[in-house]
Amino acid sequence: MKFIHISDLHFHMHEEDNSQTTATLKYIERHYPQHNLIITGDIADDGHEEQFHRAFEALEPFQGRIFICPGNHDFGAAGNFYSQERAERFDTMLSIPLKQGGTFTGDQTPVVNLLREGDLKIMLIALDTNLETDHPFDFACGEVGERQLRFLDTILSDPFSQAFKKLLFFHHHPFIHHDPLMELTDARQLMRTIYNRVDVVLFGHKHVMGRWENVNGIAHILASDNSPGKDFAREIIITQDQPIAVNDIAIS
Ligand SMILES: [Fe+2]
């Protein structure tokens, strides 16, 4: 099974401001019709209704093979000020119509999707790492939260999960130790929870590509830059018997 990881699309209100983003998505749609698409948040630039509308129009063709999670810009103006109204909009205008199999706002539980192809079983786990807070700096750096961590631990502990290859994705950066405004406040608890228990971790937020192999007992940890207008994105190929492969593939 093949996946493409992109991130931080930052859809704007006006069509003319989204030309790079729509060109990138059209390229992916045309060249990779069999790939699943994972978008690690900041799909809208500040959570305005018209931005989510534009995003849905561009993402609808991927229906059935698209998996998303929210970023700080989806839930708040300038990515710094949490707004419940904008957060709910992410679910009503994207998560639900794009059939994510769950919603992100409020309940603080991971959204899980199970994919099967022959003997291959893949579990996709999406987290909402936005902190529902009034403090602008806390919000930009993000948090998984105790409740969501507990659910994640329960999912990973369940004997049912053992037969699945696990791909975990979220928006915020889990380990930039020198940048407190970028790192999740509970990054250490997250890494402890997933140690040796997931196969791939994907995130965005910082707009810089990154790749770590066999760190924290995880085969591949990948950071995506802001994909619109970029030359390449990462492709992840998961098979039943072979090690997971990660490649750079053209997106323009
Ligand atoms: Fe972000």
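Read the figures in this text as sums done on the coordinates, not as results from a lab. None of the values given here were measured: they were computed from a predicted structure. All Cβ positions, glycine included, derive from the backbone under ideal geometry; neighbour counts span all protein chains shown.
Some notes on this structure:
- For HIS173, residues with placed amide H under 5 Å, excluding near neighbours: LEU184
- Among the listed pairs LYS166/LYS206; LYS2/LYS165; LYS121/LYS230; LYS26/LYS99, those whose Cα-Cα separation exceeds 22 Å are LYS166/LYS206; LYS121/LYS230.
- Note on the chain: GNM, Cα springs under 10 Å; of HIS73, HIS31, HIS12, the largest mean-square fluctuation is that of HIS31.
- Cα-based equivalent ellipsoid, the chain: semi-axes from gyration tensor eigenvalues, Å: 25, 22, 17
- Within the stretch 1-92, percent of DSSP bridges classed antiparallel, to nearest 5: 20 percent
- When the GluC sites (Glu not before Pro) in the stretch 159-242 are filtered for DSSP coil states and for at most 14 other beta-carbon atoms within 10 Å of their beta-carbon, no site remains.
- Computed FRET value (nearest 0.05) for ALA77 with PHE232, which takes r as the C-beta separation and R₀ as 30 Å: 0.45
- Full extension of the chain between PHE56 and GLN20 gives 11.4 nm of extra length, using 0.36 nm per residue less the Cα-Cα distance.
- Rounded to 5, percent antiparallel among DSSP beta bridges of the chain: 50 percent
- Integer Hz, Karplus 6.51/-1.76/1.60 couplings in order for the stretch 108-121, x for Gly and Pro: 6, 10, x, 9, 10, 10, 10, 10, 10, 8, x, 7, 7, 10
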